[in-house]
Amino acid sequence: MELLHFLEQSLKKEKWKYVELRPLNTCGNRLSGFEQNQTSFIHILNLSASQEEIFRSFHKDSIQRKIRRAEREGLIYEEGRSDKFLDQFYRLLLHTRRRHQLPPQPREWFRNLAECLGDQLKIRVASRDGQPMASILTLTFKDVMVYKYGCSDAKYHNLGPMHLLFWKSIQEAKNKGLAEFDLGRSDADNPGLVEFKDRWGATRTTLSYLRYPPEVLKAASTDGWGVRIAKQLFLHMPDGFLEAAGKLLYRHVG
């Protein structure tokens, strides 16, 4: 409770808009003054079983068959942290963020991550005939590998490039003796992503974020006319303008 009191005092002193708590476990009774901001899920795949058992735990149709399809189609798997991999990742990120009607994170954010985290970070790319189809960025900390970012070209989804990348990452984590593969956080209002992660045999845990003061929750809106117009602009912007929009809107990580 002393920590909560300190945060409340700091909010007033530093003139912060709000304080948000993101506990991995529920806090029991609602904390005084804090209200639930959003509900999300986190998926963790336990790696204690054998590699064969882990593979068998995947959904047979939507996961196992997609991995085999990617292998049968001759998709090439590569990994690294060089500018080559960053460029491939970022081009696919622009595709994905436009598809989701969102601005991309600045390229410099990912370059800084690679420089600061060194070999704890890997960019993984699936391609064929020199054409990148999907890419993910993973982080490793202690005995956990974390899927942090993913992007793809939608016209290649039927070939299973993202499934291949996940499987290669899980295999590497298992071979290194890591304990868990963390598939990351998913918003509760994104049922397609939640179901995709469920099908990897991972354990789903609910995350409830808490925010103080609660008034900021009522003021925040993602459905206003301004947001709808911005989404349409992001959908049709050329790559250069979309990247510039990302730099402007993500200044805090640039």
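Since every read-out is calculated from the coordinates, none of them should be taken as a lab result. Note that the coordinates shown come from a computational prediction; the quantities given were computed from them, not determined experimentally. FYI the Cβ positions are ideal-geometry reconstructions off the backbone, even for glycines, and counts take in every protein chain you see.
Positive-end ranking of V146, H236, S40 along the dipole of the chain, with charges on Cβ about the Cα centre, is headed by H236. Stokes-Einstein diffusion for the stretch 20-253, with the hydrodynamic radius set to the Kirkwood value over Cα pairs and evaluated at 4 °C in a medium of 1.567 mPa s, equals 67 µm²/s. In a fully extended conformation the segment linking R91 and Q38 would gain 16.0 nm over its present Cα-Cα distance, using 0.36 nm per residue. In deg cm²/dmol and to the nearest 500, what is the mean residue ellipticity at 222 nm of the chain if only DSSP H runs of at least 4 residues count, each as -39500 (n - 2.57), divided by the residue total? About -12500 deg cm²/dmol.
What are the equivalent ellipsoid semi-axes of the stretch 29-72, built from the alpha-carbon gyration tensor (square roots of five times its eigenvalues), in whole angstrom, biggest first? Mind showing how you got there, number by number?
Details: eigenvalues 285, 43, 10 Å².
Whole-Å semi-axes of the equivalent ellipsoid: 38, 15, 7.
Each residue of the stretch 122-135 was assigned a 3J(HN,Hα) from its phi angle through the Karplus curve 6.51 cos²θ - 1.76 cosθ + 1.60 (θ = phi - 60°); the sequence is 9, 9, 10, 10, 10, 8, 8, 6, x, 9, x, 10, 7, 8 Hz, with glycine and proline shown as x. Evaluating 6.51 cos²θ - 1.76 cosθ + 1.60 at θ = phi - 60° for every residue in the stretch 66-78, the Karplus couplings come out as 5, 5, 5, 4, 4, 5, 5, 6, x, 5, 9, 9, 9 Hz, glycine and proline recorded as x.
Taking 0.36 nm per residue of separation and subtracting the Cα-Cα distance, full extension of the segment from F55 to S82 would add 6.7 nm. Legend: distances between Cα atoms for K60/K155; K84/K176; K155/K247; K84/K122; K142/K176; pairs beyond 21 Å are K60/K155; K84/K176; K155/K247.
Label positions at A179 and S62, each projected 7 Å from the Cα along the C-beta direction, are separated by 2.9 nm. Looking at the stretch 20-253, the DSSP beta bridges with both ends there are about 95 percent antiparallel. When the P(r) is computed for the stretch 1-92, the part past 23 Å accounts for 62% of the Cα-Cα pairs. Partners of K15 within straight-line reach, counting lysines whose Cα lies under 24 Å from its Cα and excluding those fewer than 8 residues away in the same chain: K218.
Within the listed set I123, I63, I229, the residue fluctuating most in the Gaussian network model of the chain (springs between alpha-carbon atoms under 10 angstrom) is I229.
Just tell me the longest site-free run in the chain, where the sites are trypsin sites (Lys or Arg not before Pro) in a DSSP loop having at most 14 other beta-carbon atoms within 10 Å.
Values: sites that count: K15, K17, R30, K142, K176.
Excluding the exposed sites themselves, the longest stretch runs over 31-141.
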